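The values are calculated or read from the model by the stated rules, or taken from the named source; none is laboratory data. All values reported here derive from a predicted model rather than from experimental measurement. FYI the Cβ positions are ideal-geometry reconstructions off the backbone, even for glycines, and counts take in every protein chain you see. For accessibility, only protein heavy atoms count, side chains too; no ligands or nucleic acids. Shrake-Rupley method; radii C 1.70, N 1.55, O 1.52, S 1.80 Å.
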Amino acid sequence: MNVLLVGGGGREHALAWRIAQSPTLSALYVTHVNPGFPASATLAAASTVDETVAVAKANHVDLVVVGPEAPLADGLADALIAAGIPTFGPQAAAARLETSKAFAKEIMDAAGVPTAGFLRVDRDDPADVQAAKARCAEGRVAVKVDGLAAGKGVFVCVTADEALAALDEAWSGRFGEAARFLVLEDLMSGPEVSVFGLSDGESVVGLPSAQDHKRIFDGDQGPNTGGMGAYVPCPLLDRDQVEEILERVHRPVVAEMARRGMPFRGVLFAGIMMTPEGARVLEFNVRFGDPETQPLMSLWDEDVLPWLYGAASGELPDGQPAFADEVALCVVLASAGYPETSTKGVAIPEGEVPDGVTVFHAGTRRDEAGVLRTNGGRVLGVTARASSVAEARDKAYAGVEAWSFEGSQHRTDIAHQAL
Ligand code: GLY
């Protein structure tokens, strides 16, 4: 099978690494490349939808795997499917589960999925603006910008003052049209878990759960990031509980999307809060997580292409995906200044790592002299696989020490909830 992978970050390095090991792979093409990608991957550079369709056709690609959400929102899956090329990742209409928080709430409502109560408001409707102010004046609300906002469009507010200030900020113009609509969601509390379902548009199979660490500093302090580390599986949910969430969340959503003529093919990633009242959906993503994919791929011990192709082509294989009965844990090394800025060009020592550790690259580049250098905010995902959380943590941190660079930042408490 000829496969084209779209994207060049840490998540895509992990996908490329696992796909490259597939016995059913004939050739792996990638639209972007970073220095960690397998040498067997061939660069077929493409940035736009049209360019990606063109390189997929030119290379007789049988399956396109889309890493990030932006190309899905731009209609990449629509264009590839129109060209007859199976695509892992939903079409733009179904990608709205991630790109519009109001749409996701509408689908959850229709499908009876457990989530927080909410109010959807339109900036251009004076009655809605009044209702938004009245709701914020009650406090305990999450003010969420409807559209994509680079991870900065959610304001968690306890007091009325915080909520009213968040409303002003959301409608300050900083988010443009993404903030025309807002979702004002009742505040929930509890630990967060990521639950993934692969879907072919009709059926759903589960993958092990993960836990991400979104804040930059230890103890879940400081600003939000794309994710500073993750581990798989998350012990807050056993297999039966994951299956229960798939039954109450993923399958009803996939059925509702099919009913509306927007079949969901790819991975539906639900951010779940384990509240005292039970599991509640916080948000959906329509692609694999970053850095959750790094530990997920580390444990996925079989040929992944039948699963990815099955989801893309509308017929998942029978049975369940085979994951090692172990733990994988990823610690992200970020450059100085992240998440506000990033420091580029700092040399990275490529030290020895313990057995079972894989260093996934994200923001790296190799200079003319062959020196590996930082080239972005999140730079590396040092990922260890072991038989326990504690062992995986110790191995990953040994890898972190060997690859730390000047000014690098990392959290020292990845998997603290499991330990
Ligand atoms: N790590 C969170 C995400 O990928 O959205």
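In the stretch 120-131, the count of residues that are assigned to a loop (DSSP other than H, G, I, E, B), touching a Pro at 6+ places or on another chain (Cβ under 7 Å), more than 30 Å from Met297 (Cβ to Cβ) and touching a residue at least 24 places away in the same chain (Cβ under 8 Å) is zero. Condition test on Glu292, is it within 16 Å of the ligand (Cβ to nearest atom) and closer than 21 Å to Glu106 by Cβ? No, not satisfied.
Listed residues Arg18, Arg11; which is within 16 Å of the ligand (Cβ to nearest atom) and of a type in the set (Lys, Arg)? Can you show your working first?
On the way: Arg18 fails: within 16 Å of the ligand (Cβ to nearest atom).
Among Arg18, Arg11, only Arg11 is within 16 Å of the ligand (Cβ to nearest atom) and of a type in the set (Lys, Arg).
Hey, any hits in the stretch 319-329 for a residue that's within 16 Å of the ligand (Cβ to nearest atom), outside any strand (DSSP E or B) and surrounded by 24 or more Cβ atoms within 10 Å (Cβ to Cβ)? The answer is no, given that none of the residues of the stretch 319-329 is within 16 Å of the ligand (Cβ to nearest atom), outside any strand (DSSP E or B) and surrounded by 24 or more Cβ atoms within 10 Å (Cβ to Cβ).
Going by what's in this entry, would Arg287 be described as of a type outside the set (A, V, I, L, M, F, W, C), farther than 21 Å from His416 by Cα, open to solvent by 20 Å² or more (accessible area, probe 1.4 Å) and within 16 Å of the ligand (Cβ to nearest atom)?
Numbers: of a type outside the set (A, V, I, L, M, F, W, C): yes; farther than 21 Å from His416 by Cα: yes; open to solvent by 20 Å² or more (accessible area, probe 1.4 Å): yes; within 16 Å of the ligand (Cβ to nearest atom): yes.
Spelling it out, Arg287 is indeed of a type outside the set (A, V, I, L, M, F, W, C), farther than 21 Å from His416 by Cα, open to solvent by 20 Å² or more (accessible area, probe 1.4 Å) and within 16 Å of the ligand (Cβ to nearest atom).
Name the residues in the stretch 53-65 that are open to solvent by 10 Å² or more (accessible area, probe 1.4 Å) and of a type in the set (A, V, I, L, M, F, W, C), would you? Val53, Ala54, Val55, Ala58, Val61, listed by residue number.
Evaluated against (1) of a type in the set (Ser, Thr, Tyr); (2) more than 16 Å from the ligand (Cβ to nearest atom); (3) open to solvent by less than 40 Å² (accessible area, probe 1.4 Å), Ser313 falls short on exactly one condition, (3).
Cβ-Cβ contacts under 6 Å between residues 6 or more apart (or on different chains), taken from a first residue in the stretch 86-104 that is under 12 Å from Glu69 (Cα atoms) to a second residue that is at pLDDT below 95, are listed as Thr99/Leu148.
One residue alone among Gly261, Gly271 is under 18 Å from Ile107 (Cα atoms), surrounded by fewer than 18 Cβ atoms within 10 Å (Cβ to Cβ) and within 17 Å of the chain's Cα centre (by Cα), and that residue is Gly271. For Lys144, the conditions (1) among the charged types (D, E, K, R); (2) assigned to a loop (DSSP other than H, G, I, E, B); (3) open to solvent by less than 20 Å² (accessible area, probe 1.4 Å) are fulfilled apart from (2). Pairing each residue of the stretch 281-298 that is without any contact (Cβ under 8 Å) to a residue 12 or more places away in the chain with any residue that is within 8 Å of the ligand (Cβ to nearest atom), provided the two are 6+ apart or on different chains, yields no C-beta distance under 6 Å. In the stretch 110-124, is there at least one residue being modelled with pLDDT of 95 or more, under 22 Å from Met257 (Cβ atoms) and touching a Gly at 6+ places or on another chain (Cβ under 7 Å)? Yes, the stretch 110-124 contains at least one residue that is modelled with pLDDT of 95 or more, under 22 Å from Met257 (Cβ atoms) and touching a Gly at 6+ places or on another chain (Cβ under 7 Å).
Residue pairs whose Cβ atoms lie under 9 Å apart, sitting 6 or more positions apart in sequence or on different chains, and linking a residue in the stretch 265-280 that is more than 16 Å from Glu185 (Cβ to Cβ) and within 16 Å of the ligand (Cβ to nearest atom) to a partner that is outside any strand (DSSP E or B) and open to solvent by 20 Å² or more (accessible area, probe 1.4 Å), are Gly266/Arg287; Val267/Arg287; Phe269/Arg287.
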